[in-house]
Amino acid sequence: MKPKFPFPLHLRRLAFAVFFIGLALSVRAETQTFSLAAQWNLITFQVTPANANPEALFSTLPGFQSAWTYDANSGLWLRHVKASGTPAQQTNDALANQLLALPLIEPGRAYWVQMANAVASWPVTGTLPKGAAFPSLNLNPGWNLIGIPVGAASVSNAEP
């Protein structure tokens, strides 16, 4: 026996299509653009990057040397360093990247990014955190390194 639905098939299909179009519009990609100096830069992400893996994300940044964040829960500096130098140094960098692994990039966290050269425009595409995905800031006693998520990708890190 077939179940009976209160609406005709064409209205059910229309409602289904509207639902998925609405879902697609609410998860649209945004781009945050960074301007970075040839030195240390303190940044925060307003978008959750499409690929939040630090190794993948920072591989798109010309002149990238390293990225660090402080984890107040453990009291450790976590890092991702671009492997360079001799094969032995590259092995050491890779091992240290595993031991003090920088977690997935996320809004609400601040990052020190070391650059070998200035980059006027580094676009990072991702989604704006909204609703339950909007990060809360958990502060611990002592030092905390945080970024204030404002829920807008058009925020610039360039000082006026």
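Rank 148, 43 by accessible area, highest first, at a 1.4 Å probe radius?
Highest to lowest solvent-accessible surface, that is 148, 43.
Probe 1.4 Å, all protein chains in place: accessible area of residue 74 in Å², nearest 10?
Counting only protein heavy atoms, the figure is 60 Å².
So, taking all protein chains as they sit and a 1.4 Å probe, how much accessible area belongs to residue 125, in Å² rounded to tens?
Counting only protein heavy atoms, the figure is 70 Å².
Remind me, relative contact order of region 26-160 in percent, using alpha carbon pairs under 8 angstrom and six or more residues apart?
44 percent
Hey, can you grab everything whose amide H is under 5 Å from the amide H of residue 38? Only 5+ residues off in sequence or another chain; H modelled, so Pro and N-termini drop out.
118
Taking the highest mean first, how do the peptides 108-114, 131-137, 141-147 order by number of other beta carbon atoms within 10 angstrom per residue?
108-114, 141-147, 131-137
Excluding residue 81 itself, what net charge comes from residues whose Cβ is under 13 Å from its Cβ, given Lys and Arg +1 and Asp and Glu -1?
Its environment carries a net charge of 0.
The values are calculated or read from the model by the stated rules, or taken from the named source; none is laboratory data. The structure displayed is predicted, hence computed values, not measured ones. Cβ sites come from the backbone with ideal geometry, for glycine too, and all protein chains shown count toward neighbours. What goes into the accessible areas is simple: the full protein's heavy atoms, side chains included, and nothing from ligands, DNA or RNA. Shrake-Rupley method; radii C 1.70, N 1.55, O 1.52, S 1.80 Å.
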